[in-house]
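There's a structure below that I have some questions on.
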Amino acid sequence: MSSIFSKIISGEIPCYKIYEDDKTFAFLDIHPETRGHTLVVPKVEVDKIYELPDDDYQALMSTAKKLSSHLEKATGNRIIWKVIGTDVPHAHIHLEPLDESWYHGRELEFTPEEFEKIRSELEYAQI
């Protein structure tokens, strides 16, 4: 059975996409803890990040690094990485702009228009 992330990658479920290449996909978390909370996922569906084939693991880390620099410039905030591994059975990294008002369990709510505005501000333009 496909994970929700595989369905997002395939276009079955819509998302606010920030970045895509041949091995990775990044989009806004619809349950964000901070403004700009982004998920970076490998296109290959593997439950645990440490079970990814080496090339997919390296691609995931490279994309997370590239997007972190991009998000930091776009938001003006340091980017926090989280690898939790239990919320969705598909390896992924949370990239969250540092927000001093953050607290455990916080979930921000945005309208579709607000999500689209955030997406357009944070989209990584490949050259």
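Quick note: the coordinates plus some simple rules give every number you see, no bench work behind them. Keep in mind it's a predicted model, so treat the numbers as computed, not measured. Cβ: placed from backbone, ideal geometry, glycine included. Neighbour counts: every protein chain shown.
Angle check, please: helix 112-122 long axis (alpha carbons) against the longest principal axis of the chain (alpha carbons), in degrees 0 to 90, nearest 10.
The two axes meet at around 80 degrees.
Of the peptides 23-29, 81-87, 116-122, 66-72, how do they stack up when ordered by the mean number of other Cβ atoms within 10 Å, highest first? Don't skip to the answer; put the middle values down first.
On the way: 23-29: 21.6, 81-87: 11.0, 116-122: 15.6, 66-72: 18.3.
Ranking, from highest mean packing down: 23-29, 66-72, 116-122, 81-87.
What is the extension gain from W102 to E123, computed as 0.36 nm multiplied by their sequence separation minus the C-alpha to C-alpha distance, in nm to one decimal?
Stretched fully, the W102-E123 segment lengthens by 5.2 nm.
Which residues does the label zone of I13 cover in the stretch 70-98, counting backbone N under 18 Å from a point 7 Å along Cα→Cβ?
84-95
Can you give me the long-range amide H partners of E33? Hydrogens built in the peptide plane at 1.01 Å from N, cutoff under 5 Å, separation of 5 or more residues or another chain.
L108
Can you tell me the relative contact order of the chain? Whole percent, Cα pairs under 8 Å, sequence separation 6 or more.
31 percent
I'd like the orientation of helix 54-75 relative to the chain: the angle between its Cα long axis and the longest Cα principal axis, in ° from 0 to 90, rounded to 10.
10 degrees
Calculate the spin-label point distance for D21 paired with Y50, positioning each point 7 Å from the Cα along the beta-carbon direction, and give it in nanometres.
Calculated label separation equals 2.5 nm.
Using the Cα centre as the reference, give the magnitude of the dipole from point charges on the C-beta atoms of the stretch 4-122 (Lys, Arg: +1; Asp, Glu: -1; all else neutral), rounded to the nearest 20 debye.
260 debye
In addition: What order do you get for E51, E123 when you list them from fewest to most C-beta neighbours inside 10 Å?
Values: E51 10, E123 15.
Arranged by neighbour count, lowest to highest, E51, E123 become E51, E123.
Quote to one decimal, in nm, the extra length available between Q58 and I80 on full extension: 0.36 nm per residue of separation minus the C-alpha distance between them.
Residue separation times 0.36 nm, minus the Cα-Cα distance, leaves 6.1 nm.
Need the full-extension length gain, S2 to E109, defined as separation in residues times 0.36 nm minus the C-alpha distance. One decimal, nm.
35.9 nm
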